[in-house]
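Reviewing the structure listed below.
Every number here is computed from the coordinates shown, using simple stated rules; none is lab data. Quick caveat, the model's predicted, so the values are computed rather than measured. Glycine gets a Cβ as well: all are built from the backbone with ideal geometry, and neighbour counts include every protein chain shown.
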Amino acid sequence: MKRSFMTTTAAGALALASLASAAQAETLTLCWAAWDPANALIELSKDFEAQSGHTMRFEFVPWTSFADRMLNELNSGGQLCDLMIGDSQWIGGGAENGHYVKLNDFFDANGISMNDFIPATVTGYSEWPKNTPNYWALPAFGDVVGWTYRKDWFERPELQAEFQETYGRALDVPATLEELKDIAQFFQGRDIDGTTVYGAAIYTERGSEGITMGVTNALYNYGFQYENPDQPYDLEGFVNSAGAVAGLEFYKELYDTATPPGSSNWYMGENIDAFRSGQVAMQMNFAFIWPGVEADENVGGGRAGYFPNPAGPAGQFAQLGGQGISVVAYSSKQNAALEYIQWFAQPEVQAKWWELGGYSALRAVVEDPGFATSQPYAQTFLDSMAIVKDFWAEPAYADLLLAMQNRVHNYAVAGQGTAQEALDGLVADWTEIFEDEGKL
Amino acid sequence: MSFSVTEPRMGTKWLAGILVVGYAIITMVPLLWIIATGFKSPNDSIAYPPVILFEPTMEGYVNLFTDRTRATPQMLKDAGPPETWYDEIAQNRGTVITGPSRYGERFLNSVIIGFGSTALCMILGTAAAYAFSRFRVPLKDDLMFFILSTRMMPPIAVAIPIFLMFRNLGLSDTHLGMILLYTAVNLSLSVWLLKGFIDEIPVEYEEAALIDGYTRFQAFYKIVLPQAATGIASTAIFCLIFAWNEYAFAVLLTSGNAQTAPPFIPTIIGTSGKDWPAVAAGATIFLIPVMVFTILLRKHLLRGITFGAVRK
Amino acid sequence: MTISPIDRAAAGTPHGVARRIRGLSDRTIAWIFVAPTIFLLLAVNIFPLIWTIRLSFTDYRVNRPNNEVSWVGLRNYERILSDPAIWDTMQATAHFLIWTIILQVLIGFTLAYLINMKFKGNDLWTTIIVFPMMLSPAVVGNFWTFLYQPQIGLFNYVVAFFTGADAASFSMIGDVHLAPWAIIIVDTWMWTPFVMLICLAGLRSIPDSIYEAAECDRASKWRQFWTITVPMALPFLMLAVLFRGIENFKMFDLVVQLTGGGPGNTTTLTSIDLKREAFERWRTGYSSAYAVILFVTVFGLASIYVKALNKVKQR
């Protein structure tokens, strides 16, 4: 492994001189989730095929089974994927279990600097252990949870007047989560143009990661912390702090009083459907959907607006999404795979990536003076990326996630027990997992 | 027609007919809704409240068979005016077609694996059922129960060892591997059903043939097989329905090469969110082969199961 | 019809000799016929099962190739059997199993009984009724989430139309109390035709002569139904119950697509729970023990049941 990696790096350095001079044309398979940005990547990659002579194949798996399917592939040493755009939380397992090729030498040899990328994405998608310069991926797609709202509804004079009267302030983008809840409750059950509409579509999905990706947006801002900042894996009093309990209660109240009935198992797709069909005034969703919202014939073209996750009593944070692109250690075509990453990292390719609807994490792209106004959602994306926090990226992240899905869904959606009990239970679950891992 | 005491009265028949037709219509509603959704536009498909009357479009089918990407104005300009009706549908949505989708491949995989495993299952199952029916196989009852018991394992329970085993044997994500796997899962049902059918065929025919100088193979091939055709056909339907629609193994054991359509269909996404019309179109097309197969064999399905289900 | 070389050879060879030379003994043929089936089942079912049993005594994890695997004896089994959460999933499974069987047998048998009245066009309508079971359960589950959605789903609007209740006032898969019934409704919709077919087979196997004899004895239709129809069709019914029982004990695809096991854990059936342990948490040893427990349970129940079935058949 080591030796082949050395030759890989050397080949990568050579490839810099001329991408077209690749020794041999390969067929590379890139694995990612099946979603809108993936279609854009196919289009983008045509340039790589033309320049390098390699052929690209794509294997896209839907989000709800993406982790199962791909981790299954990696854990069994499969050679299906040469390139993996794996979820941010996999990075620990990918590094510690040897699934991913370490990219430091390759970056150095080819003049790719992690300083050129948005810092949050480097920490979130590339580093393991976190906050150390050990890179296992190149930030490929920046993503973060934010909110989409019906600007056209917010701007109706009669609604504005009524809102002003009820809440004593203007109906506008909420500055705090508390305000967001007011607005959502204001719209809940309201008759707009003859149909009953609801407040907000939020993440509640049970089976994979949905409700966790949603509830954290409330938890962080009310004071939840994953661990004691001074003592790793010390959970008691941080995961189940008074603030965390308040955050979880907030999420349940939002679910109970301001979401469409039956939205008990909703994730990205269902929220988009609800928003596009005019059921809700606001939706929580990852930023990747915004280009699609803008283009939609029902709600696009200026009828929708965007805002970052509002602040809570303990600050303003947003759940990080997004992925980095890694080379799979079991691939026999690592040279060509590295060539792809090298091509992908180029500023002009990244600029085109953004143009096609892919959220580039390259600072040259997002710090361009024209960026913030290039799309209606561009500024919101930048603001959101500045406040991100991510879930555990430990090798045991799947265990940790399952426990959280279970505890949170049981309380917030199924209505069993109290928020304090749910989070106490989560501390117990997580402690047991870290003990099994030998970290405690 | 002679009077029969067992024939129900006309009024009773009418009532029975009305009840059954009523049930059939209710049970068809979800199915018709799926088929109708395939012809809706994406926004009609998620209309709030739902719409029954809509302007039909082929967009779902176009989206099912193509990959598209959202086009920048420059790309639309480069692409020029649409050359075909499906290009036009895509461009009306501000997208350009980038190539065919994987649905065709997945569908073909389903055909190869579904029909391949059904054929293999019928060959092995008929032979084994014949042996169990006609010969004194040691521990016959235990073996029969053993065969049935293999169907009791939840697929998830054996998926890990099978996954590791397939990888070692190079069968992982191959058509052959999936054919063998589905054959094994279906064998229990087919041996049990087919043994029932073959038990019904009088032994005397074969004995006569053997006396005429036929070998056992010939007697099996020329006497028993034609008589068991009905049973084989109806058993084949059940095996095909299972192999055609199987999901748990397919989602865990296949990916790029041999993935069948069931894990693929629910995952079809459009330019924003799930593309329900394309999902519905995929489900509709996927239903057709097994539907045709069943309609062609429906006489056997009803007649067949009469003999095959349980020995009298 | 053409005459094959074998036929010609057969015709030209004395009988006894032919059987000795070309004809294999019955015993050999029996083995040739049975062996491929047994071999395939051993390779694809039994070998993995033994492997699973072996793994169930270890702390092996597929996703930790670097960890040393050690024997843990019965610890996995102890942990599972003392975990209250597992009993909850067992209860959810039992609820699902019992109600789907009751509903499918009742509706399936009634339909078969009505169809067996042989009204005009019964063949056509039987074929139509059979269509739902030809769909892929994964696709069905996926689509029913759509039909069950209070705002845009057909199911709620149909219920609203007939009951006058507001369509958005209830949620089949979001409500803790309704969700277990939501999965039962879909499974019943899909698989009642299967039970119906087997019942129809049973009803058609009853000779008319028995009814004619009963009619001579002036037995009422009601009495005929309970003394002839039900007992004669019982073995078929029991077989249908056996097949549906085994299938629904393993139920995975439909429910996973429909509810994902939620809300909370109300529809987390054992297979879904097992999949989480095996393919999401990757606790291979633990989930192997889980699988063995499930297999022993279903195997035990089925063998008792098959014994009962054989008794009924022999009556």
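Given Cβ point charges of +1 (Lys, Arg) and -1 (Asp, Glu) and nothing else, what value in debye, to the nearest 20, does the dipole of region A:145-319 about its Cα centre take?
Working: 10 positive and 25 negative charges, 41 e Å.
In total the dipole reaches around 200 debye.
Three principal axis extents, largest first, for the C-alpha atoms of the protein assembly as shown, in Å?
96, 71, 66
As an exercise, take the mean of 1/r over every pair of distinct alpha carbons in region A:227-350, invert it, and state the Kirkwood radius in angstroms.
18.8 Å is the Kirkwood radius here.
Using the alpha carbon gyration tensor of region A:398-440, what are the three equivalent-ellipsoid semi-axes (square root of 5 times each eigenvalue), largest first, in whole Å?
Working through the eigenvalues yields semi-axes of 21, 10, 5 Å.
Based on a Kirkwood Rh over C-alpha pairs, give the Stokes-Einstein translational diffusion coefficient of region C:32-86 at 20 °C and viscosity 1.002 mPa s in µm²/s.
Here the translational diffusion coefficient equals 157 µm²/s.
How far apart, in nanometres, would the label points at C:Val312 and B:Thr72 be if each is projected 7 angstrom from Cα along the Cα-to-Cβ direction?
Going by the 7 Å Cα→Cβ label model, 6.9 nm.
Among the listed pairs B:Lys140/C:Lys118; B:Lys13/C:Lys307; B:Lys299/C:Lys221; A:Lys252/A:Lys389, which are separated by more than 31 Å between their Cα atoms?
Result: B:Lys140/C:Lys118; B:Lys13/C:Lys307 exceed 31 Å.
Could you work out the per residue convex hull volume over the alpha carbons of region B:199-244, in cubic angstrom?
Numbers: hull volume 3.3 nm³, N = 46.
Value for region B:199-244: 71 Å³ per residue.
Taking each pair of different alpha-carbon atoms in chain B once, compute 1/r for the pair, average those values, and report the inverse of that mean as the Kirkwood hydrodynamic radius in Å to one decimal.
On the way: mean 1/r = 0.0430 Å⁻¹.
Its Kirkwood hydrodynamic radius stands at 23.2 Å.
Once you have the Kirkwood Rh of region A:142-182 from its Cα pairs, apply Stokes-Einstein at 37 °C and 0.692 mPa s and quote D in µm²/s.
290
Fewest to most neighbouring Cβ within 10 Å: what's the order for B:Glu88, C:Glu280, A:Glu205, B:Glu83?
B:Glu83, B:Glu88, C:Glu280, A:Glu205
Quick one: what does P(r) look like for chain A with 10 Å bins over all Cα pairs, in whole %?
Distribution as computed: 4, 21, 30, 25, 14, 5, 1, 0 percent.
Hey, could you pull the Cα Rg and Dmax for region A:290-440, both in Å?
20.5, 54
Where in chain B are the helices, taken as whole DSSP H runs, whose Cα atoms extend 18 angstrom or more along the long axis and whose Kyte-Doolittle mean reaches at least 1.6?
The qualifying helices are B:10-37, B:155-169, B:276-296.
Above 13 angstrom, tally the Cα pairs of region B:42-101 and express them as a % of all pairs, no decimals.
63
In region C:60-123, if every C-alpha pair distance is counted and binned at 5 Å from zero, what percent goes to each bin?
Result returned by the calculation: 3, 13, 10, 10, 10, 10, 8, 7, 7, 6, 6, 5, 3, 1.
For region A:98-223, I need the span (max minus min coordinate) of the C-alpha atoms along each principal axis, in Å, sorted largest to smallest.
Between the extreme Cα coordinates on each principal axis of region A:98-223 lie 62, 32, 30 Å.
Find the cysteines in the protein assembly as shown that fail to meet the 4.7 Å Cβ criterion with every other cysteine, and list them.
Cys with no partner Cβ under 4.7 Å: B:Cys121, B:Cys239, C:Cys199, C:Cys216.
What full-extension length gain, to one decimal in nm, is calculated for B:Val29 and B:Val111 as 0.36 nm per residue of separation minus the Cα-Cα distance?
Values: separation 82, 0.36 × 82 = 29.52 nm, distance 2.72 nm.
Taking B:Val29 through B:Val111 to full extension adds about 26.8 nm, to one decimal.
Would you mind ranking A:Leu440, B:Leu31, C:Leu114 so that the residue whose beta carbon has the fewest other beta carbons within 10 Å leads the list?
Result, fewest neighbours first: A:Leu440, B:Leu31, C:Leu114.
Mind checking the log10 I(q)/I(0) for region A:284-345 at q = 0.28 Å⁻¹? Debye, one equal scatterer per Cα, no solvent, two decimals.
Here log10 of I(q) over I(0) equals -1.15.
Beyond 26 Å, how much of the Cα-Cα pair distribution for region B:1-158 remains, as a whole percent?
Counting pairs separated by more than 26 Å, the tail of P(r) holds 65 percent.
Set Lys and Arg Cβ to +1 and Asp and Glu Cβ to -1, take the dipole of the protein assembly as shown about its Cα centre, and tell me which of B:Leu53, C:Val230, A:Leu362 lies farthest positive.
Checked the options; the winner is C:Val230.
To the nearest 20 debye, what charge dipole does region C:174-251 have about its Cα centre, counting +1 at the Cβ of each Lys and Arg and -1 at the Cβ of each Asp and Glu?
Values: 6 positive and 7 negative charges, 15 e Å.
In total the dipole reaches around 80 debye.
Can you compute log10 of I(q)/I(0) for region B:1-79 with the Debye formula, treating each Cα as one identical point scatterer, at q = 0.13, 0.16 Å⁻¹?
-0.67, -0.81
Express the Stokes-Einstein translational diffusion coefficient of chain C in µm² s⁻¹, to the nearest whole number, given a Kirkwood radius over alpha-carbon pairs, 25 °C and a viscosity of 0.890 mPa s.
My calculation gives 102 µm²/s for D.
Short version: what are the Cα gyration tensor semi-axes of region A:145-319, square root of 5 times each eigenvalue, largest first, in whole Å? Write out the running numbers ahead of the final one.
Values: eigenvalues 164, 65, 39 Å².
Taking √(5λ) for each Cα gyration eigenvalue gives 29, 18, 14 Å.
Go through region A:317-328 residue by residue and turn each phi into a ³J(HN,Hα) via Karplus (6.51, -1.76, 1.60, θ = phi - 60°); whole Hz please, and just put x for glycine and proline.
For region A:317-328, the Karplus curve yields 9, 9, 6, 7, x, x, 8, x, 9, 10, 9, 6 Hz.
According to a simple spin-label model (label point 7 Å from Cα along Cα-to-Cβ), what is the distance in nm between A:Asp191 and B:Arg9?
Those two pseudo-labels are separated by 5.3 nm.
Specify the inter-centroid distance of region A:318-365 and region C:144-198, based on alpha-carbon positions, in whole Å.
44
Which value does Rg/Rh take for region A:31-189 over its C-alpha atoms, Rh per Kirkwood?
1.14
In whole angstrom, how far apart do the alpha carbon centroids of region C:232-269 and region B:76-155 sit?
Rounded to whole Å, the Cα centres lie 22 Å apart.
Going toward the positive end of the dipole of chain A, with +1 on Lys and Arg Cβ and -1 on Asp and Glu Cβ, which of A:Asn221, A:Leu30, A:Pro395 do you reach last?
Highest projection toward the positive end goes to A:Leu30.
Once Lys and Arg get +1 and Asp and Glu get -1 on their Cβ, which of C:Phe146, C:Phe161, C:Val69 lies farthest toward the positive end of the dipole of chain C?
So the residue furthest toward the plus end is C:Val69.
Return the inverse of the average 1/r over all pairs of distinct C-alpha atoms in region A:148-220, which is the Kirkwood hydrodynamic radius, in Å to one decimal.
After inverting the pairwise mean of 1/r, the radius is 13.6 Å.
Neighbouring Cβ atoms within 10 Å as the yardstick, rank C:Met196, A:Met114 fewest first.
Values: C:Met196 28, A:Met114 18.
Ascending Cβ contact count within 10 Å gives the list A:Met114, C:Met196.
Could you size up the charge dipole of region A:190-268 around its Cα centre, putting +1 on the beta carbon of Lys and Arg and -1 on that of Asp and Glu, and report it in debye to the nearest 20?
Values: 3 positive and 11 negative charges, 49 e Å.
That gives a dipole near 240 debye.
What chymotrypsin sites (Phe, Trp or Tyr not before Pro) in region B:52-97 are in a loop by DSSP, with at most 13 other Cβ atoms within 10 Å of the Cβ? Spell out each step's value before the answer.
Numbers: sites: B:Phe54, B:Tyr61, B:Phe65, B:Trp85, B:Tyr86; in loops: B:Phe54.
Nothing satisfies the criteria.
Taking the Cα atoms of region C:122-271, what is the range of coordinates along each of the three principal axes, in descending order and whole Å?
So the extents along the principal axes, rounded to whole Å, are 59, 38, 29.
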